[in-house]
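Written out below as structure tokens is the structure these notes cover.
The values are calculated or read from the model by the stated rules, or taken from the named source; none is laboratory data. What you are looking at is a predicted structure, and each value in this text was computed from that prediction instead of being measured. Don't worry about glycine lacking a Cβ; one is built from the backbone with ideal geometry, like all the others, and counts go over all protein chains shown. Heads up: the accessible areas ignore ligands, DNA and RNA and are worked out on the full protein's heavy atoms, side chains in. Shrake-Rupley method; radii C 1.70, N 1.55, O 1.52, S 1.80 Å.
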Amino acid sequence: MIFYGRQRRILVAPSAMADGPSLDFISSLPDEILHHILSFLPTNLAIQTCVLSKRWRHIWRNTPSISLECNEFCAHKVHKTLKYHKARKLLSFRLDFHFDSDLIDFPGGTVTHHRYFAADAWIKFALSRHPENLSLDFCLSNYKKYMFPDKFYATSSIKRLHLALNNCTTLIPRSKVFWPSLKHLCLDRCNIPDESAAKILSGCPVLESLTLTLCSVLVRLDLAKSIHLKRLEIDLKYSGPKEIVAPHVQYLRLKTYSRPCSLVDISSVTEAKLDIYYVEFAKMDYFLYMMDLKIVAKLQNTEKLTLGAIFLQALTLAEFRGVPFPMLKITSLTLETKIFRYIVPGIARLLQNSHGLKKLTLHLMKCEAIEEMYLRSYSDSRGLEFGIFPTSREPKLIALFIEFLLGNTKTLETLVVRLENNLDATKFEELLQMAQTISHNYNDVSILVKQNTYPKDFVHESRIQNLGKTSVAFVISQILRKKRLYLVLLRSTSLLGGTLICKVEQVLFLD
């Protein structure tokens, strides 16, 4: 029997599962290990293990991880779960809190509270257990402003904080922020004024990474005083800072839209990843690709650079207009794109201006791009001509593109081509042979061709005999193989003649 889970597969002998409880090694493990195993599950699934046996009845209560999703119809279940949870110290606490109603009922329906009261109570519960990782996802209707309790901004245990607020509240600390242990901060769709951002950053003396996704109100992001901050990731689709000062950041991921963004100081960046959200061609006006070239110019000391398809198209438009292209010092370049002709001029100029390039990675993947009809009209109206690369995935096309890349570089030592399940075995072997020939023709540049293969989405049904308690919602089966612990989560679907028909739900790999 084969269970597929993400990129790996697990072989399970049918006879081993047929023996049932006699081989229930997992129940004989110490409580600490069982708590660790259950910490990988959503809490509602961890609770259901209590029906497996008396051994499992109270195991979930001391799991060092809580992961809950809640709306106004199940708030009483969250309240009850937290009431019976006994672990004094939490490694992680995650709460998805999506309410449309202002009032919610707690257990028994005898007490009604405002949803903000519930949020306060659950956040205070989490903080009382001193979590190291805290994740809060709020979605409150009518855009009514929720204010976090003061205690939220003064906790010393949190090392990783993720806030997704759906722009329904503004982060305005009313007191001093004190997050002395916080190393990773992720703000998703948060309203955060400049003053609040400065206050929060001043309270995070050891912050190492910052992620901002569609955060509005913020205009200037000044990280000059965050001397330990080495990683910065920003998504600027409809909102986000217009100026970024990050002199200590070493890794920068920036995804922009049709709005300007000025990188005032990113002088320490050694690795960067840049792309643009999908935009209509009408919005790809002059300032957009001029802005992209200004961003590239700021990365002249960067050693590793990754560019997406639309960013490459913007560089092509700049090349069409004859805009000067900066010289780069990159030694490693990754192109995440598909093959089509309207990235060719931009890539050619990029390669020609990277005199120290040693490694080039071509990651062929499905991606968004500007419609070719607009780019074709633009180039035809100006009499621009260049090599045509159709959007086929045939080996000959990929080989042709490889030759184009090698023809525009003089210092390259290694070319890596990554395919995402594009070619069957025969065509993949054909491409390998072509790559070998091309390598000899271009000063023996090392060409590595890789293909990521993922199992197709499917449901694998199996009959498992002698499970004992056939009424359980799912079964946990464990396999010890090469000193790694695998959990196979099975969701029951039906019971036929004493045989439980199960579907593979998920496979977890525990290190």
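Here are some notes:
- Using heavy atoms of the protein chains and a probe of 1.4 Å, the accessible area assigned to Leu187 is about 10 Å².
- Spin-label pair Asn443-Phe428: with each label point 7 Å from Cα along the Cα-Cβ axis, the two points sit 3.1 nm from one another.
- Note on His248: accessible area approximately 50 square angstrom, rounded to 10, probe 1.4 Å, nucleic acids and ligands left out.
- Pair Asn452, Glu32: separation of 7 Å Cα→Cβ label points (nm): 3.7 nm
- Each residue was assigned an accessible area with a 1.4 Å probe, and for Arg220 the value is about 100 Å².
- For region 313-320, Karplus couplings with θ = phi - 60° (6.51, -1.76, 1.60), whole Hz, Gly/Pro x: 5, 5, 5, 5, 4, 5, 5, 4
- Candidate residues Lys450, Lys396, Lys225: accessible-area rank, largest first, probe 1.4 Å: Lys225, Lys396, Lys450
- Between Ala272 and Leu252, Lys304, Leu305, Thr306, the built amide H atoms are under 5 Å apart, and every one of these is 5 or more places off in sequence or on another chain.
- Long pairs among Lys230/Lys298; Lys176/Lys199; Lys124/Lys225, criterion Cα-Cα beyond 19 Å: Lys124/Lys225
- Fully extending the segment from Lys124 to Asn71, taken as 0.36 nm per residue of separation minus the present Cα-Cα distance, adds 17.2 nm.
- Across region 320-335, the residues whose backbone nitrogen lies under 20 Å from the label position 7 Å along the beta-carbon direction of Thr414 are 329-335.
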